[in-house]
Amino acid sequence: MNPRGPGDPARSNGHGSSVRENHGAERLLCAVGELWRAPDLPTLLNVAARAARELTGADGASFVLRDGELCHYAREDAISSLWQGRRFPMSSCVSGWVMRNRRPAIVDDIALDPRIPLGVYRPTFVRSMAMVPIHARAPLGAIGCYWGSTRVATAHEVTLLQALADGAALAMDNIALRERMEKAEARIDELDALTRDLTERHEALAESQRQGDALNELLAHDLRSPAAGILLTARARLRDPALEERERRRWSRVLCSAELIQRTAMNLLDTSSRQLGALVPRLDELDLTALLEEVAEILDPFAASRDQRIALRPGAPRCCRARGDADLLRRVLQNLLDNALRHTPARGAVHVEARPVDARWVEVLVCDEGPGIPAHLRDHIFDRYVRLDDPNVAARSGRGLGLTFCKLAVEAHGGTIEVRDNGDGRPGSCFCARLPAC
């Protein structure tokens, strides 16, 4: 057995001439160049195994990759088959010892070295070997050379083999980097294609939106004129003291319908994407309670036709001063009350209230007795053209513009609007619009 400690490279025995060493250096440079140009890992493994055998004059060479706590014999170049494709525990093979200790292993005679699992080596031609780590600081593999007779690997052979392993480590890093770059470039191409697709869809959607807005404005214009005429006629008829009660009820329903048509036309205009952000309220001091009562009186005939009623909550203040645009807030209240009546069953009631919150804010509450709005749908209730998927709610929904207008108008005042449960276990929803106080 070689008296040197395990892993110590042999000193030159004098047989290697300077000519041979120069040839080895030239072959090493050529091999490193091939490794650096390798397009992928399989090619690199082939180049490294072949070069290791040529540099040392070995009968065989193997390229081992670390696979967790296993040593994977990934490639070999030998006079006969060794262990290509097999995996062994790091604790029971020389390549594992090399990776764990991060230094070469020189075995003059496998029969005399305790690191050798003889049961694995006995069927092969191997009688001596040299193995070096790949990437010594954090080994990711090893390169081994094998001879069919007992011999001592020279220091020059071990140096060449280690230099080859170092070159292979750099080449592997280069391949990994190139693969990451290729994946990144492919991802960039995907994102570019996705961006182009989204841009095209956005442009198509914007064009569709422009066409829709133009149509909405045309419809609103065509609706407002006849609605205004109907309103004038209905109001004139209702001012006639001689009008019979039956006819009065009919004209009241006509008035409500005309109000609804006019409100829908205004909602179409005010919720158009061209008008988003264009609502500028004319602020004056006003009484929200009086405004609520005025709107309730307008919608009373519609409520009566469904055997419903609109009622101020008991104990509500008789006066609630706010600062706002009376026309815009009147339409907000009309939309909220109309929405509440649609969702309240026959013989039910819609409760309304305007009350101060603190020195800065007042709020208007419009509460129905309908089925309520599920919590997961409340974030979308104020979106344009949204009609809820819940069949209990959607059946009574409007066109999806009234609540959108309410949100736009309230926020134009610097306020907020939300929907919540009635509370106390009572069915229905309660819309709360918070506005600046005087």
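Read-outs throughout are calculated quantities, based only on the coordinates presented, and are distinct from any laboratory measurement. Just so it is clear, the structure is predicted and the values come from calculations on it, not from any experiment. Cβ atoms come from the backbone with ideal geometry, glycine included; neighbour counts cover every protein chain shown.
Packing around the peptides 236-243, 429-436, taken as the average count of other Cβ atoms within 10 Å per residue, puts them in this order, highest first: 429-436, 236-243. Subtracting the Cα-Cα distance of R27 and M181 from 0.36 nm times their residue separation leaves 52.4 nm of extension gain.
If the chain linking V120 and R355 were pulled fully straight, counting 0.36 nm for each residue of separation and taking away their Cα-Cα distance, it would gain 75.6 nm. Give, as ranges by residue number, the residues of the range 164-186 whose backbone N falls under 15 Å from the point 7 Å along Cα→Cβ of A193. Within reach of a label on A193, which here means backbone N under 15 Å from a point 7 Å along Cα→Cβ, the range 164-186 contributes 183-186. The range 48-97 and the range 296-357 have Cα centres lying 86 Å from one another.
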